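Structure, as structure tokens:
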Amino acid sequence: MGSAALRADLRSDTVTRPTPGMRAAMAAAEVGDDVYGEDPTVARLEERAAALFGHEAALFVPSGTMGNQISLQLLVPAGEELVCDSEAHVVSYELGAAAVHSGIQTRTFPAPRGVPDPELVAAFLRPEGYHTVASRAVAVEQTHNRGGGSVIPLAVLQALRARTAPLGVALHCDGARIFNAAVASGTEPRAYGALADTLSVCLSKGLGAPVGSLVVASADRIERARVIRKRMGGGMRQAGILAAAGCYALDHHVARLAEDHERARRLATRLAGVAGLEVDPAQVETNIVVVDLPGRPADGVAAACAARGVGVGVAGAHRLRLVTHLDVDDAAVAFAGDTLAEVLAD
Ligand SMILES: *Cc1c(COP(=O)(O)O)cnc(C)c1O
């Protein structure tokens, strides 16, 4: 079902459409050929992102997947190892890209709701040696998508960094929704930035830009990242039109993420009283609501919701995922809650 037929589309925060203000900023963008390094709007976005996270440089890339994969290639040589939690986006939804593009081996550890146990991770790492595959990087995800939008506490990241850095193991942060984490926990983005060697940040999720992500790292690494991006086919020409949407999003769509979090909590509270489903409002930290449907197929419930004008995501055989975002207002959230309750009462 196309989104045009949906009154409330909570399948993902990627479904947002650029607002009139964002479109105006895009139309007015000053542009140049960014493969020649001549697009002033892309340069401005990259400088802003680097400053926000307290790093030297940043690189504008077409997608979060490319941002993650460039970062992993920067940190892990072929034949060596990336370690991450078993539900991480980099090993769940990127189609084996680390193996295909970079010859990287991945090994995964369990992490309830995507929050890693620093002691467990430290014990899991393997040293360099004649027989062993050396662990070169750990990846964390902020917020954690399959963890239900959970925020990894800054103290956990600090403990993880303290255990991994002395071993020479780098830290990558898949920060697709890192601004959700920053707003929800009242943490400055640069505090997260200080703990990671590389970060990827999505502009096309809750921030509402149509396209684009950023890789944030040291100047040396971003120089190399520019080459890797071109090799992966991600060099873009007058990309300032897209970067302008990103700049606009950083100006106008960060603080308002708190509204998405409030609506997600309200939706979870509304659903908590509905028979036939399980949801824990206390676990809703940001803009994702996970709903379990014991004994009912999630795809059937999702199809019934779609037929009534509500888009919900299927996150497992008996699990739905509902995501609030820029294009979901109070009325849409109320309608989604009532509709899901109706469908389950049938
Ligand atoms: C969406 C997402 C990405 C990147 O997705 P793209 O669709 O490639 O932009 C990466 N990590 C997480 C956790 C995500 O949710």
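Of the residues making up the range 159-174, those that are over 13 Å from Val121 (Cα atoms) and without any contact (Cβ under 8 Å) to a residue 60 or more places away in the chain are Pro166, Gly168, Cys173.
Just one of the numbered conditions (1) farther than 30 Å from Ile104 by Cβ; (2) crowded, with 22+ Cβ neighbours inside 10 Å; (3) in contact with a Gly (Cβ under 6 Å, 6 or more places away or on another chain) is not true of Ala8: (3).
Quick check, is Asp251 surrounded by fewer than 16 Cβ atoms within 10 Å (Cβ to Cβ), over 21 Å from Val15 (Cα atoms) and out of contact with any Ser or Thr (no Cβ under 8 Å at 6 or more places or on another chain)? No.
Search the range 213-227 for residues being of a type in the set (Val, Ile, Thr) and within 16 Å of the ligand (Cβ to nearest atom), and hand back the single one that is surrounded by the most Cβ atoms within 10 Å (Cβ to Cβ).
Here is the first cut: in the range 213-227, the residues of a type in the set (Val, Ile, Thr) are 215-216, 222, 227.
Narrowing the set further to residues that are within 16 Å of the ligand (Cβ to nearest atom) leaves 215-216.
On the way: Val215: 30, Val216: 33.
Selected residue: Val216.
Hey, among the residues in the range 27-51 that are in a helix (DSSP H, G or I) and touching a Lys or Arg at 6+ places or on another chain (Cβ under 7 Å), which one's surrounded by the most Cβ atoms within 10 Å (Cβ to Cβ)?
Of the range 27-51, the ones in a helix (DSSP H, G or I) are 27, 34-36, 40-51.
Retained after the next criterion (residues that are touching a Lys or Arg at 6+ places or on another chain (Cβ under 7 Å)): 34-35.
Details: Asp34: 23, Val35: 14.
The qualifying residue surrounded by the most Cβ atoms within 10 Å (Cβ to Cβ) is Asp34.
When Ala275 is evaluated against the numbered criteria (1) of a type outside the set (Asp, Glu); (2) surrounded by fewer than 21 Cβ atoms within 10 Å (Cβ to Cβ); (3) modelled with pLDDT of 95 or more, which criterion, by number, is the only one it fails? Of everything listed in (1) of a type outside the set (Asp, Glu); (2) surrounded by fewer than 21 Cβ atoms within 10 Å (Cβ to Cβ); (3) modelled with pLDDT of 95 or more, Ala275 misses just condition (3). Of all residues in the range 119-130, one or more are away from the ligand (no atom under 16 Å from the Cβ), under 24 Å from Thr187 (Cβ atoms) and of a type in the set (D, E, K, R).
For (1) charged (D, E, K, R); (2) assigned to a helix (DSSP H, G or I); (3) at pLDDT 95 or above; (4) over 20 Å from the mean Cα position of the chain (by Cα), each residue gets a yes or a no:
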site	(1), (2), (3), (4)
Leu267	no, yes, yes, yes
Glu285	yes, no, yes, no
Pro294	no, no, yes, yes
Val301	no, yes, yes, yes
Phe335	no, yes, yes, yes
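Do we find a residue being among the hydroxyl-bearing types (Ser, Thr, Tyr) and within 16 Å of the ligand (Cβ to nearest atom) anywhere in the range 38-51?
To start, the set of residues in the range 38-51 that are among the hydroxyl-bearing types (Ser, Thr, Tyr) comprises 41.
Retained after the next criterion (residues that are within 16 Å of the ligand (Cβ to nearest atom)): none.
No.
With respect to (1) surrounded by 15 or more Cβ atoms within 10 Å (Cβ to Cβ); (2) over 22 Å from Ser218 (Cα atoms), the lone exception for Ala24 is condition (1).
Based on what the data block shows, is Val100 part of a helix (DSSP H, G or I), within 16 Å of the chain's Cα centre (by Cα), closer than 26 Å to Arg146 by Cβ and without any contact (Cβ under 8 Å) to a residue 60 or more places away in the chain? It is false that Val100 is part of a helix (DSSP H, G or I), within 16 Å of the chain's Cα centre (by Cα), closer than 26 Å to Arg146 by Cβ and without any contact (Cβ under 8 Å) to a residue 60 or more places away in the chain. In the range 56-65 there is at least one residue matching the filter, namely being within 16 Å of the ligand (Cβ to nearest atom) and assigned to a loop (DSSP other than H, G, I, E, B). Are any residues in the range 96-127 closer than 18 Å to Asp174 by Cβ, surrounded by fewer than 18 Cβ atoms within 10 Å (Cβ to Cβ) and among the small types (Gly, Ala, Ser), and if so, which ones? Result: Gly96, Ala99. Can you name the residue in the range 72-90 that is assigned to a helix (DSSP H, G or I) and either modelled with pLDDT under 95 or more than 11 Å from the ligand (Cβ to nearest atom) (or both) and, of all such residues, is nearest to His101 (Cα to Cα)? If we take residues in the range 72-90 being assigned to a helix (DSSP H, G or I) and either modelled with pLDDT under 95 or more than 11 Å from the ligand (Cβ to nearest atom) (or both), then Gln73 is nearest to His101 (Cα to Cα). From the list Ala170, Ala176, the lone residue that is at pLDDT 95 or above and away from the ligand (no atom under 13 Å from the Cβ) is Ala170.
The values are calculated or read from the model by the stated rules, or taken from the named source; none is laboratory data. Fair warning: this is a prediction, and the values are worked out from it, not measured in the lab. Because the Cβ atoms are built from the backbone with ideal geometry, glycine has one as well, and the counts that use them run over all protein chains shown.
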